[in-house]
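This report concerns only the one structure given below.
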Amino acid sequence: MIELVKGFPANVIAVVVKGRVTGEECRTVLRPAIGTALLRYPKLRLYYEIRSRFPGAGWEELSIGLDHRPDWERIAVITDTAWVRQTVNALTLFLAPEIRVFTTSETQ
């Protein structure tokens, strides 16, 4: 499940992922939020908190990020799952150096 989080600046797309994420949720929740924010801001920031060991729909989510890659100013991925942190850190070599990975305790 993808949940949009309120209380962040308007140029920040903040989401919490719980349980298994589907491609449908990516298309109906995440993509519209990105589209709306892009109408007001040329560069966006992404706060992406993963509260699941197996978030699912990984490639679908990745394609959403790549679609808007030039528009991301910074990306923060928050997870306590080691393999997710390692994967994201490895992908930053190919995607963008603006991606940083944090544990939940680092965001408190």
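What to note about this one:
- Ordering K43, K6 by the number of other Cβ atoms within 10 Å of each residue's own Cβ, fewest first, gives K6, K43.
- Neighbours of P42 by Cβ distance under 10 Å: Lys/Arg scored +1, Asp/Glu scored -1, total 0.
- FRET efficiency for the pair K6 and L93, taken as 1/(1 + (r/R0)^6) with r the Cβ-Cβ distance and R0 = 25 Å, rounds to 0.15.
No lab work stands behind these numbers, since they all come straight from the coordinates. This structure is a prediction, so every number in the text was calculated from the model and none was measured. Ideal geometry is used to build each Cβ from the backbone, glycine not excepted, and the neighbour counts take in all protein chains shown.
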